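Below is one structure; the comments refer to it alone.
The values are calculated or read from the model by the stated rules, or taken from the named source; none is laboratory data. Small disclaimer: the values here were computed from a predicted structure and weren't measured. For neighbour counting, all protein chains shown are included, and Cβ atoms are generated from backbone atoms with ideal geometry for every residue, glycine included. Surface areas here come from the heavy atoms of the whole protein model, side chains and all, with no ligands, DNA or RNA. Shrake-Rupley method; radii C 1.70, N 1.55, O 1.52, S 1.80 Å.
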Amino acid sequence: MVQDLYVLMITAAVVSIVFKFLKQPVVLGYIVAGVLVGPHLFGETLVNEENVKAWGDIGVLFVLFCIGLEFRLKNLISSGKVAAVGALTIILGMMLLGYWVGQDAELDMVNSLFLAGMLCMSSTTIVMKAIDEAGMKKERFVKGATSILIVEDVVAVVLMVLLSSIAIRHQFESAELAGKVIDLAITLAAWFICGILIIPTLIRKIKKHLNDETLIILALGLCLGMVLTAEEAGFSSALGAFVMGSILAETVESHRIEKLMTPLKNVFAAIFFISVGMLINPASLAEYWVSIAYVSLVIIVGMILFGTLGCWWGGQTMRDSMLTSFSFVQIGEFSFIIASLGTNLGVLNSLIYPIIVASSVVTTFLTPYIMKAALPCYTFLYNHASAGLRSKIDQREQRVAEAETATPSGDTNSFAEKVRHAVRNTFITKRLVNLFIKNMSAHDENA
């Protein structure tokens, strides 16, 4: 195990330094490092694949936990329309496009649906890493983009149930799907309400006893505890990590936790991207290059089209809509989960998996470059748009800017404080009502 880590870290460090020197994204260097240490290039792997996969899975959890720390529940609520309309437009549009690609390739209905599921969601890990490396974390579009990715992760749970039902029974079980949706909604509500009521108060009470060491241990313990809870409830472990990050984001120590988590997140995120690179088989790239190029093109064009439309319909400016959609031009870990599900159920065509893995790597590789093209493409669109469309773009930009400046500055309470205040008021109100009824009853008896 120590030897595996040594090989991974040294290879990743050398390759990433080379990529930095060439002014290329470090993520691409990690993927290339995965190819170098993987089993396909030299005929044997230099590391234990199971160990790397396990560390990569942990990396996904830590990345999503840190994304949750950077995000606020009030941001999700304020981005509700963008998140809902944007995510549903992308998912439905890409699923229709993916199903059409499957039918065009003469796949049966089940395989076409699984292919559609693999193509419909972007990778939260890759998107946020690419945004971070591009120095765009403070851009206005990031809040809406993160909200869409959260909704996609939630919808992913429902989609897994739907695909499993169709694969096993070759029919749609609406009652089972509705039950899963209700379970998910109730579970998420319970997690957030309990977490917001208990955890921020607890951390504030013991704040003076929390040095850096104790705080990071507590945060990781809470994160892994929520991951286990999510798995026991039948949901994604990544969703559990993100939820706990969002809860801790409402505490007084959120920025301190985020700072302490950053080195750990970077190490395990690097291992995750190396594990993705280890899946690449250069021979498969050569054999299926036409199919890989075709699927990659479908992903890029489809995500840009449906992402831009969805964000625009959801209320974003055209500039922010295009920045969001151009960052979504890849598929990631969820595609591998769908592929594994289909393989385990024995319904997935054996040719789909290598094509999907290679397409994921190709689109991941291209993501930073496509993101850089977002603003030039927006400028081109604006300069060549009709007078009517340009007027609508300007009006939307003005409305969004006015909405930002109109945000009340005196409202300093966190979202968690507002929830706790509302609950306390509810309890107080109930006690006052009960006391009033009791006094009235006593008055009637005396009369």
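What is the one condition in (1) modelled with pLDDT of 90 or more; (2) open to solvent by 60 Å² or more (accessible area, probe 1.4 Å) that MET371 does not satisfy?
(2)
What residue, among those in the stretch 1-34 that are within 19 Å of PRO368 (Cα to Cα) and among the β-branched types (Val, Ile, Thr), is most open to solvent (accessible area, probe 1.4 Å)?
ILE17
For GLU231, work out the one condition from (1) closer than 19 Å to VAL60 by Cα; (2) touching a residue at least 40 places away in the same chain (Cβ under 8 Å) it doesn't fulfil.
Of everything listed in (1) closer than 19 Å to VAL60 by Cα; (2) touching a residue at least 40 places away in the same chain (Cβ under 8 Å), GLU231 misses just condition (2).
Can you report the number of residues in the stretch 97-129 which are in contact with a Cys (Cβ under 9 Å, 6 or more places away or on another chain) and either modelled with pLDDT of 90 or more or more than 27 Å from PHE365 (Cβ to Cβ) (or both)? Before the answer, list the steps.
Applying the first criterion (in contact with a Cys (Cβ under 9 Å, 6 or more places away or on another chain)) to the stretch 97-129 yields 97-98, 128.
So of that shortlist, the ones also either modelled with pLDDT of 90 or more or more than 27 Å from PHE365 (Cβ to Cβ) (or both) come out as 97-98.
The qualifying residues number 2.
Could you tell me how many of the residues in the stretch 250-264 are in a helix (DSSP H, G or I) and crowded, with 21+ Cβ neighbours inside 10 Å?
Residues flagged as in a helix (DSSP H, G or I) and crowded, with 21+ Cβ neighbours inside 10 Å within the stretch 250-264 amount to 3.
Among the residues of the stretch 47-55, are any touching a helix residue (DSSP H, G or I) at 6+ places or on another chain (Cβ under 6 Å) and at pLDDT 85 or above? Break it down stepwise before answering.
Initially, the stretch 47-55 is screened for residues touching a helix residue (DSSP H, G or I) at 6+ places or on another chain (Cβ under 6 Å), giving 47-48, 51-53, 55.
Of the ones still in play, those that are also at pLDDT 85 or above are none.
No, that holds for no residue.
Residues that are under 18 Å from ALA87 (Cα atoms), out of contact with any Pro (no Cβ under 7 Å at 6 or more places or on another chain) and open to solvent by less than 10 Å² (accessible area, probe 1.4 Å): find the helices (runs of 4 or more DSSP H) completely inside the stretch 266-345 holding 1 or more of those.
Details: elements: 282-287, 289-313, 318-327, 333-344.
Helices (runs of 4 or more DSSP H) meeting the threshold: 289-313, 318-327, 333-344.
Going by the conditions given, is ASN439 open to solvent by 30 Å² or more (accessible area, probe 1.4 Å), at pLDDT 85 or above, in a helix (DSSP H, G or I) and out of contact with any helix residue (DSSP H, G or I) (no Cβ under 7 Å at 6 or more places or on another chain)? Write out each step before concluding.
Details: open to solvent by 30 Å² or more (accessible area, probe 1.4 Å): yes; at pLDDT 85 or above: no; in a helix (DSSP H, G or I): yes; out of contact with any helix residue (DSSP H, G or I) (no Cβ under 7 Å at 6 or more places or on another chain): yes.
Spelling it out, it is not the case that ASN439 is open to solvent by 30 Å² or more (accessible area, probe 1.4 Å), at pLDDT 85 or above, in a helix (DSSP H, G or I) and out of contact with any helix residue (DSSP H, G or I) (no Cβ under 7 Å at 6 or more places or on another chain).
For every residue, the table says whether it meets (1) at pLDDT 80 or above; (2) surrounded by 12 or more Cβ atoms within 10 Å (Cβ to Cβ); (3) polar (S, T, N, Q).
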site: TRP191; (1), (2), (3): no, yes, no
site: HIS209; (1), (2), (3): yes, no, no
site: GLU231; (1), (2), (3): no, yes, no
site: ALA241; (1), (2), (3): yes, yes, no
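Here are ASN266, ASN349: which of them is of a type in the set (S, T, N, Q), out of contact with any helix residue (DSSP H, G or I) (no Cβ under 7 Å at 6 or more places or on another chain) and over 24 Å from GLU44 (Cα atoms)? If you could, list the steps in order and put the result at the bottom.
Working: ASN349 fails: out of contact with any helix residue (DSSP H, G or I) (no Cβ under 7 Å at 6 or more places or on another chain).
It is ASN266.
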